[in-house]
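Notes for the one structure printed next.
Readers should treat all values here as calculations from the given coordinates under stated rules, not as data from a laboratory. The shown structure was predicted, so the numbers you read here are calculated from the model rather than taken from an experiment. With ideal geometry, Cβ positions are generated from the backbone for all residues, glycine too; neighbour counts draw on all protein chains shown.
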Amino acid sequence: MDQKVEVTVKYMELTDRINEYIEKKAPRLERLLPAIESMKFDLSYSKSARNRSDREVAQITLTGKGFVLRTEERNSDMLTAIDNATDKMQRQIERFKGKRARGRGDGIPASEVNITEPEVETGAMTAIVRRKSFTLIPMDENEAVEQMALVAHEDFFIFFNVNTNSINVLYKRRDGNLGLIEPKVG
């Protein structure tokens, strides 16, 4: 990884002790997965946490070509939260490496994917307060389920379905099962 580890803090101060701790932990992750292109540590103090022992929040996001891995841990101590998040990320990296070793299956190359942008209707809605952009990785439904677990995003996962040649949304239902949205342009 040629890039420096990015550390952002919210509602707290980044002390030298915390920064040095992150600099000590980051190379462990890079050794496990050399394909990491960027590594981000988001540290925050959550005033609204239900439990006082969950106020210090450490989130780690690793990105590379074809993957995004994310984990979050909470604790009453920031160093412990970072340590737990790093351990959890190591387990995710091992699962991810196992998935990559098994292969992606038979899909179409990304260069052959034809994506058309739908028309967007403008109307009287509430304002957009945040925008995110990301690269859609072509995969099948089973890979999307695995990737959803790897990024630790429990509510939904957006992906390009190679079997249907369309963008799909995988989401967690209230009953704990998963649902799949397959949009159609009307």
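Annotations for the structure displayed:
- Under conditions of 10 °C and 1.306 mPa s, the stretch 6-102 yields 115 µm² s⁻¹ as its translational diffusion coefficient, taking Rh as the Kirkwood radius over Cα pairs in the Stokes-Einstein equation.
- Sorted from longest to shortest, the spans of the Cα atoms of the stretch 126-181 along the three principal axes equal 34, 28, 20 Å.
- Relative contact order of the stretch 6-102: 25 percent, from C-alpha pairs under 8 Å at least 6 residues apart in sequence.
- For the stretch 4-17, 3J(HN,Hα) per residue [Karplus equation, 6.51 cos²θ - 1.76 cosθ + 1.60, θ = phi - 60°, Hz, x = Gly/Pro]: 6, 5, 8, 10, 10, 10, 9, 6, 7, 9, 7, 8, 4, 4
- Highest average first, the peptides 163-170, 129-136 ordered by how many other beta carbon atoms sit within 10 Å of their residues are 163-170, 129-136.
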